[in-house]
Amino acid sequence: KKFVSWFNEGDHLRIISMEQGSDVKGVFSRLSRAAQAIEAGVKKATGEKDAFMMHPKFGSLTCCPSNIGTGMRGSVHILVPNLIAQLGFEKIDALCRA
């Protein structure tokens, strides 16, 4: 699974691009193309000039305040084998909080 779009979800639309590996640029490029295609489709279907609600100061308006602005959230999951076994959870926790 590399691309998913959810409709009628928390923010009404969620576009997800993902893949294993380190090709962040490729993942973002896929996400960008999908967002442009969805925007073009909404404009065509509705005949409206704007596909999404935008505010001149705050950017994208969403139902979740943490997504206001670009309306985008990114995350990375990493696997670090044997890290807890080598350092211990308390040491890892202290390093992350430093």
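The values are calculated or read from the model by the stated rules, or taken from the named source; none is laboratory data. Please read all numbers here as calculations on a predicted model, not as lab measurements. Glycine also receives a Cβ, built like all others from the backbone with ideal geometry; neighbour counts cover every protein chain displayed. Remember, those area values only see protein heavy atoms, side chains included, never the ligands or the DNA or RNA. Shrake-Rupley method; radii C 1.70, N 1.55, O 1.52, S 1.80 Å.
Under the condition of being open to solvent by 70 Å² or more (accessible area, probe 1.4 Å) and without any contact (Cβ under 8 Å) to a residue 12 or more places away in the chain, which residue from the range 1-23 is nearest to Ser66 (Cα to Cα)?
Filtering the range 1-23 for residues that are open to solvent by 70 Å² or more (accessible area, probe 1.4 Å) and without any contact (Cβ under 8 Å) to a residue 12 or more places away in the chain, the one nearest to Ser66 (Cα to Cα) comes out as Arg14.
Looking at the range 24-39, which of its residues are more than 19 Å from Thr62 (Cα to Cα) and surrounded by 11 or more Cβ atoms within 10 Å (Cβ to Cβ)? Can you show your working first?
Narrowing the range 24-39 to residues more than 19 Å from Thr62 (Cα to Cα): 24-30, 33, 37.
Those that are more than 19 Å from Thr62 (Cα to Cα) and surrounded by 11 or more Cβ atoms within 10 Å (Cβ to Cβ): Val24, Gly26, Val27, Phe28, Ser29, Arg30, Arg33, Ala37.
Considering only residues that are modelled with pLDDT under 85 and surrounded by 11 or more Cβ atoms within 10 Å (Cβ to Cβ), which ones fall in the range 60-83?
Ser60, Leu61, Thr62, Asn67, Ile68, Gly69, Gly71, Met72
Which one of Gln86, Gln36, Gln20 is part of a loop (DSSP other than H, G, I, E, B), modelled with pLDDT of 85 or more and not small (Gly, Ala, Ser)?
Numbers: Gln86 fails: part of a loop (DSSP other than H, G, I, E, B); Gln36 fails: part of a loop (DSSP other than H, G, I, E, B).
None of the other options fit; the residue is Gln20.
Among the residues of the range 34-76, which ones are of a type in the set (Lys, Arg) and either touching a residue at least 12 places away in the same chain (Cβ under 8 Å) or farther than 17 Å from Ile15 by Cβ (or both)?
Of the residues in the range 34-76, the ones of a type in the set (Lys, Arg) are 43-44, 49, 57, 73.
Within the range 34-76, Lys44, Lys49, Lys57 meet the criteria.
If you go through the range 1-51, how many residues are among the aromatic types (Phe, Trp, Tyr) and on the phi > 0 side of the Ramachandran plot? Explain how you work it out, then say what you get.
Taking the range 1-51 first, the residues among the aromatic types (Phe, Trp, Tyr) are 3, 6-7, 28.
Cutting the leftovers down to on the phi > 0 side of the Ramachandran plot gives us none.
Residues that pass the stated criteria total 0.
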